[in-house]
Amino acid sequence: MTGAEILMESLLAQGVDTVFGYPGGQIMPVYDKLYDYSDRLRHILVRHEQGAIHAAQGYARVKNVPGTVMVTSGPGATNVVTGIADAMIDSTPVVVIAGQVSNAALGTDAFQETDFVNLTTPITKWTYQIRRPEDVAWAVARAYYIASSGRPGPVVLDFTKDGQTGLAEYVPARCDYIRSYVTDHEPSDALLTRAAAMIDAAQRPFVVFGHGIVLSGAEDALKAFLYKGDIPAGSTLLGLSSLDSDDTHFKGMLGMHGNLAPNVMTQNCDLLIAVGMRFDDRVTGTVKTYAKQAKVIHIDIDPSEIGKIISVDLGILGDAKQVLTRLTELIGSRTRTEWNHFTDDIKAVEKLKVINPELRPGDGAINPGEVVDIVAKVCQGDAIVVTDVGQNQMLAARYSRFKGVSASFVTSGGLGTMGFGLPAAMGAKVALPGRRVCLFVGDGGFQMTMQELGTLMQEGIGVKIVLVNNNWLGNVRQWQELFLGKRYSATRMLNPEYSRIAEAYGISYDSVEDRADLLPAVERLFADDAPAILQVHVREEANVFPMIPPGKSVSEIMLNKTEWI
Amino acid sequence: MGEPKEYLYVITAYTENSVGLLSSIAGIFTRRSLNIEKLLVYPSKVEGIHKFKIHTRTTPVRAREVVLQIEKKVDVIRAFAVVDDERSPREAAIVREFLKNRDKNNI
């Protein structure tokens, strides 16, 4: 078999059914073989390689298996770099197979040659150049194992032309062990007993959880833990949807634009239990004042995260599901009624000062938050919500409501990649075609990867695009308004006629300006399963609140432009 | 409080002998603007295992962070940091023991 055919067999052996990609000169032998495997491997031809990697990320995030990307060398490869960095910081399993020039041409500045191994080394879990067909099966098995095990992340296989065209025998390979790579951290009984004693002794324990809950499938374990200890919890942006929005122990989203209650609880708890999260600065504000009054237990699968940002009293290396399950057995059954109601007043303040003005402003232009709220009403919590980056993202996170199904919120958290939304939504819909996928995207981010409308058209991928248009780069504009004296440097945006763009792609389109039309338009949007765009013209200079200004403490929160708590 | 004190650290890493690992480890230093004062890469006392020895001037917190980042690389087996004047002769023994346990548990 050729290396290209061994690649096909190896991908099938890994259970790969979908590949997002774009052909080109140095990956042509692989694409030629793909032609013979098109009944078993669905290839989705994107319009730009960045679309392929974000689609693979969306696919991976909702399905919890690695997404697969196939691109050519040189520009094809460099176009996926943004998505690789995004997948690295958001722990998303993806495998990128990039073409590369022939072995003899390596290092000669050949046509479309780029040093892709060196380019991607700092932003991947593992990068490997396959130069011989004999190495294909081994490298593919190892790539998928590394991408999906431990703390997941991106892997790059740089596949030279000789590797693709050379002949070798196909020997199926498996990989579930690498001696230098430890993922099976088993916390000792003694450590867990100590943790349980700390939890039992705490009067006001508070759980902050993140993406690790979704990645390890620890949703039920988390819930059991919270219920047994009667412990309230807050979620990071990427942890959203792993606990139902209306769960009595769920206090909301943490951080800069999060809910007041979990931020206040962070500063008032006596024990902070962090699970599968990494204390991002958007969560902590300035670390100088973050949860200083509390003891800290940090549970994570990545040794380099424990003690990286916050010094901990007890670090537990391990899988979130396993650790939480064992801790639940060890802790005492308790009621902590008073502590669970500690933030009732502050919740009422948020409702009065932030939520009501956003969602029920009375008259005037539609607020962006209202759009999310109406979609949540229509979808009843069962849609996969995908966001772009910026105000649309924060409002989608704040006002979406999740019920019953985890991994239902897909967003670019760590890297904050504008343009992530549309292709990621595409990948999510391909992964789970039976579910509704709703994308919230601003006019800025939409135009960054809008070319993927062509992919939706060609493949008939039923993504529902809610284009929240304020004719600004709203998030930057908000910072300019609040912190830079309204000096609106390069944030005003003149937009194209989106109806005509939708028409050109044969995608149904609707537009709303008046509040009264919003609910019927959203109901129409979700009436079928075809791709569609709903443009909502929203209040132009709307701001997202509450807000912990950058560099401030979690306890210094702006409720609006003039009031703080 | 003042700036935390810097020391001359010797960071050692026991690794597989794979292409690109030097660049990958060097990147950890570059990203943190840490200068490498001295670098040695050679076969270690543990059979089939290579050893990196990197001298760098930094704070204890940074040194710990760098060690964990190095150890996070798939092809790195173990990494250690010691201040120059307190070398640990036990490193090779720790690595041998680690590999023995890893392989034993994977039967």
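The values are calculated or read from the model by the stated rules, or taken from the named source; none is laboratory data. Note that the structure is a prediction, hence the values are computed from the model and not measured. Note that each Cβ is placed from the backbone with ideal geometry, even for glycine, and that neighbours are counted across all protein chains shown. Each accessible area value is taken on the protein alone, full model and side chains, heavy atoms only, with ligands, DNA and RNA left out. Shrake-Rupley method; radii C 1.70, N 1.55, O 1.52, S 1.80 Å.
Checking B:E16 against (1) touching a helix residue (DSSP H, G or I) at 6+ places or on another chain (Cβ under 8 Å); (2) within 11 Å of chain A (Cβ to nearest Cβ), only one condition comes out false. Which one?
Only one criterion is unmet by B:E16, namely (1).
Looking at the structure I just gave you, is A:M28 aliphatic (A, V, I, L, M), open to solvent by 20 Å² or more (accessible area, probe 1.4 Å) and either in contact (Cβ under 8 Å) with a residue 24 or more places away in the chain or in a strand (DSSP E or B) (or both)? Please lay out each step first, then the result.
Numbers: aliphatic (A, V, I, L, M): yes; open to solvent by 20 Å² or more (accessible area, probe 1.4 Å): yes; either in contact (Cβ under 8 Å) with a residue 24 or more places away in the chain or in a strand (DSSP E or B) (or both): yes.
For A:M28, the condition - aliphatic (A, V, I, L, M), open to solvent by 20 Å² or more (accessible area, probe 1.4 Å) and either in contact (Cβ under 8 Å) with a residue 24 or more places away in the chain or in a strand (DSSP E or B) (or both) - is met.
Scan segment A:197-242 for residues that are at positive phi and either buried (at least 24 other Cβ atoms within 10 Å of the Cβ) or of a type in the set (A, V, I, L, M, F, W, C) (or both) and jot them down. Before the answer, list the steps.
Of all residues in segment A:197-242, those at positive phi come to A:217, A:230, A:241.
Hit for segment A:197-242 is A:S241, nothing else.
Note down all Cβ pairs under 9 Å where the first residue falls in segment B:39-64 and is under 23 Å from A:S304 (Cα atoms) and free of Cβ contacts under 8 Å to residues at least 40 places away in the same chain, the second is open to solvent by 60 Å² or more (accessible area, probe 1.4 Å) and in a strand (DSSP E or B), and they're at least six residues apart or on different chains.
Once the first residue is under 23 Å from A:S304 (Cα atoms) and free of Cβ contacts under 8 Å to residues at least 40 places away in the same chain and sits in segment B:39-64, its partners that are open to solvent by 60 Å² or more (accessible area, probe 1.4 Å) and in a strand (DSSP E or B) give B:H50/B:V41; B:H50/B:Y42; B:H50/B:P43; B:K51/B:L40; B:K51/B:V41; B:K51/B:Y42; B:K51/B:P43.
Within segment A:280-300, take every residue that is surrounded by fewer than 24 Cβ atoms within 10 Å (Cβ to Cβ) and within 14 Å of chain B (Cβ to nearest Cβ) and give me the one that is farthest from the chain's Cα centre (by Cα).
Checked segment A:280-300; the qualifying residue farthest from the chain's Cα centre (by Cα) is A:K288.
Quick test for you: out of A:P368, A:P357, pick the one residue that is more than 19 Å from the chain's Cα centre (by Cα), open to solvent by 10 Å² or more (accessible area, probe 1.4 Å) and either closer than 30 Å to A:A85 by Cβ or without any contact (Cβ under 8 Å) to a residue 12 or more places away in the chain (or both). Show your work before the answer.
Numbers: A:P357 fails: either closer than 30 Å to A:A85 by Cβ or without any contact (Cβ under 8 Å) to a residue 12 or more places away in the chain (or both).
Just one listed residue meets the conditions, A:P368.
Please note which strands (runs of 3 or more DSSP E) are completely contained in chain B and include at least 1 residues that are over 13 Å from the mean Cα position of the chain (by Cα). Show your work before the answer.
Values: elements: B:7-15, B:36-43, B:50-58, B:76-83.
Per the criteria, B:7-15, B:36-43, B:50-58.
With within 28 Å of A:V117 (Cβ to Cβ), away from every other protein chain (no Cβ under 13 Å) and either open to solvent by 70 Å² or more (accessible area, probe 1.4 Å) or out of contact with any helix residue (DSSP H, G or I) (no Cβ under 8 Å at 6 or more places or on another chain) (or both) as the only criterion, which of B:L40, B:L34, B:L99, B:L22 stands out?
On the way: B:L34 fails: either open to solvent by 70 Å² or more (accessible area, probe 1.4 Å) or out of contact with any helix residue (DSSP H, G or I) (no Cβ under 8 Å at 6 or more places or on another chain) (or both); B:L99 fails: away from every other protein chain (no Cβ under 13 Å); B:L22 fails: away from every other protein chain (no Cβ under 13 Å).
Exactly one residue qualifies, and that residue is B:L40.
Checking A:T266 against (1) over 18 Å from A:A195 (Cα atoms); (2) within 14 Å of another protein chain (Cβ to nearest Cβ); (3) in contact (Cβ under 8 Å) with a residue 24 or more places away in the chain; (4) buried (at least 18 other Cβ atoms within 10 Å of the Cβ), which single condition isn't satisfied?
Among (1) over 18 Å from A:A195 (Cα atoms); (2) within 14 Å of another protein chain (Cβ to nearest Cβ); (3) in contact (Cβ under 8 Å) with a residue 24 or more places away in the chain; (4) buried (at least 18 other Cβ atoms within 10 Å of the Cβ), A:T266 violates only (2).
Among the residues of segment B:47-74 satisfying the criterion of being open to solvent by less than 20 Å² (accessible area, probe 1.4 Å) and over 22 Å from B:P4 (Cβ atoms), which is farthest from the other protein chains (Cβ to nearest Cβ)?
B:F52
Is it fair to say A:E9 is open to solvent by 10 Å² or more (accessible area, probe 1.4 Å), touching a strand residue (DSSP E or B) at 6+ places or on another chain (Cβ under 6 Å) and among the acidic types (D, E)?
Values: open to solvent by 10 Å² or more (accessible area, probe 1.4 Å): yes; touching a strand residue (DSSP E or B) at 6+ places or on another chain (Cβ under 6 Å): no; among the acidic types (D, E): yes.
Taking the combined requirement at face value, the residue does not satisfy it.
Please count how many residues of segment A:167-183 are within 8 Å of another protein chain (Cβ to nearest Cβ) and among the charged types (D, E, K, R). Can you show your working first?
Of segment A:167-183, the ones within 8 Å of another protein chain (Cβ to nearest Cβ) are A:177-182.
If we keep only those that are among the charged types (D, E, K, R) as well, we get A:179.
Number of matching residues: 1.
Among the residues of segment A:380-394, write down those that are closer than 22 Å to A:I89 by Cβ and not β-branched (V, I, T). Steps first, please.
Step one: list which residues in segment A:380-394 are closer than 22 Å to A:I89 by Cβ, which gives A:384-394.
Selection gives A:D388, A:G390, A:Q391, A:N392, A:Q393, A:M394.
If A:G414 satisfies all but one of (1) surrounded by fewer than 24 Cβ atoms within 10 Å (Cβ to Cβ); (2) over 16 Å from the mean Cα position of the chain (by Cα), what's the number of the condition it fails?
(2)
Quick check on my filter: what residues within segment A:458-492 are over 19 Å from A:R436 (Cα atoms), assigned to a strand (DSSP E or B) and open to solvent by 10 Å² or more (accessible area, probe 1.4 Å)?
A:W472, A:R492
Could you count how many residues in segment B:24-38 are closer than 13 Å to B:I70 by Cβ, charged (D, E, K, R) and touching a residue at least 24 places away in the same chain (Cβ under 8 Å)?
Here the count works out to 1.
Return yes or no: is B:E3 within 14 Å of chain A (Cβ to nearest Cβ) and among the acidic types (D, E)? Even if it seems obvious, please write down each step before you answer.
Numbers: within 14 Å of chain A (Cβ to nearest Cβ): no; among the acidic types (D, E): yes.
No, not satisfied.
Looking only at residues in segment A:518-533 that are part of a loop (DSSP other than H, G, I, E, B) and of a type in the set (A, V, I, L, M, F, W, C), which one is nearest to A:C379 (Cα to Cα)? Before the answer, list the steps.
As a first pass, look at segment A:518-533 and keep what is part of a loop (DSSP other than H, G, I, E, B): A:526-531.
Still in the running and of a type in the set (A, V, I, L, M, F, W, C): A:526-527, A:530.
Values: A:F526: 8, A:A527: 10, A:A530: 16 Å.
Filtering segment A:518-533 for residues that are part of a loop (DSSP other than H, G, I, E, B) and of a type in the set (A, V, I, L, M, F, W, C), the one nearest to A:C379 (Cα to Cα) comes out as A:F526.
So for segment A:458-467 (the condition being among the acidic types (D, E) and within 24 Å of the chain's Cα centre (by Cα)), does at least one residue qualify?
Initial filter on segment A:458-467 (among the acidic types (D, E)): A:459.
Subsequent filtering for residues that are within 24 Å of the chain's Cα centre (by Cα) retains A:459.
Looking for residues that are among the acidic types (D, E) and within 24 Å of the chain's Cα centre (by Cα), one finds at least one in segment A:458-467, hence yes.
Please go through segment A:513-542 and give me each residue that is open to solvent by 20 Å² or more (accessible area, probe 1.4 Å) and within 25 Å of the chain's Cα centre (by Cα), ordered by number. Outline the logic, then answer.
First, pick out the residues of segment A:513-542 that are open to solvent by 20 Å² or more (accessible area, probe 1.4 Å): A:513-517, A:519-520, A:523-524, A:527-531, A:537, A:539-541.
Residues satisfying the conditions are A:D529, A:A530, A:P531.
Considering only segment A:43-77, state which residues are out of contact with any strand residue (DSSP E or B) (no Cβ under 8 Å at 6 or more places or on another chain), outside any helix (DSSP H, G or I) and over 18 Å from A:A143 (Cβ atoms).
Of all residues in segment A:43-77, those out of contact with any strand residue (DSSP E or B) (no Cβ under 8 Å at 6 or more places or on another chain) come to A:47-48, A:50, A:54, A:63-65, A:74-75.
Still in the list and also outside any helix (DSSP H, G or I): A:47-48, A:64-65, A:74.
Hits for segment A:43-77 are A:R47, A:H48, A:G74.
For segment A:109-122, check the following and say yes or no: at least one residue is within 14 Å of chain B (Cβ to nearest Cβ), in contact (Cβ under 8 Å) with a residue 24 or more places away in the chain, on the phi < 0 side of the Ramachandran plot and more than 24 Å from the chain's Cα centre (by Cα).
Going residue by residue through segment A:109-122, those that are within 14 Å of chain B (Cβ to nearest Cβ) are A:115-122.
Still in the running and in contact (Cβ under 8 Å) with a residue 24 or more places away in the chain: A:116-117, A:119-120.
Now narrow it down to the ones that are on the phi < 0 side of the Ramachandran plot: A:116-117, A:119-120.
From what's left, more than 24 Å from the chain's Cα centre (by Cα): A:116-117.
Taking every residue of segment A:109-122 in turn, at least one turns out to be within 14 Å of chain B (Cβ to nearest Cβ), in contact (Cβ under 8 Å) with a residue 24 or more places away in the chain, on the phi < 0 side of the Ramachandran plot and more than 24 Å from the chain's Cα centre (by Cα).
Looking at (1) within 30 Å of A:Q203 (Cα to Cα); (2) out of contact with any helix residue (DSSP H, G or I) (no Cβ under 6 Å at 6 or more places or on another chain); (3) charged (D, E, K, R), find the lone condition where A:R334 falls short.
The number of the failed condition is (2).
So in segment A:379-402, with the set limited to residues that are assigned to a loop (DSSP other than H, G, I, E, B) and modelled with pLDDT of 95 or more, which one is surrounded by the fewest Cβ atoms within 10 Å (Cβ to Cβ)? Please lay out each step first, then the result.
Step one: of segment A:379-402, the residues assigned to a loop (DSSP other than H, G, I, E, B) are A:380-383, A:388-390, A:400-402.
Remaining after also requiring modelled with pLDDT of 95 or more: A:383, A:388-390, A:400-402.
Details: A:A383: 22, A:D388: 31, A:V389: 23, A:G390: 26, A:S400: 23, A:R401: 19, A:F402: 25.
By that ranking, first place goes to A:R401.
Of all residues in segment A:301-336, which are within 14 Å of chain B (Cβ to nearest Cβ), assigned to a loop (DSSP other than H, G, I, E, B) and of a type in the set (G, A, S)?
Narrowing segment A:301-336 to residues within 14 Å of chain B (Cβ to nearest Cβ): A:301-312, A:315, A:317.
Next, from what is left, pick out any that are assigned to a loop (DSSP other than H, G, I, E, B): A:301-302, A:306-312.
The answer is A:G307, A:S311.
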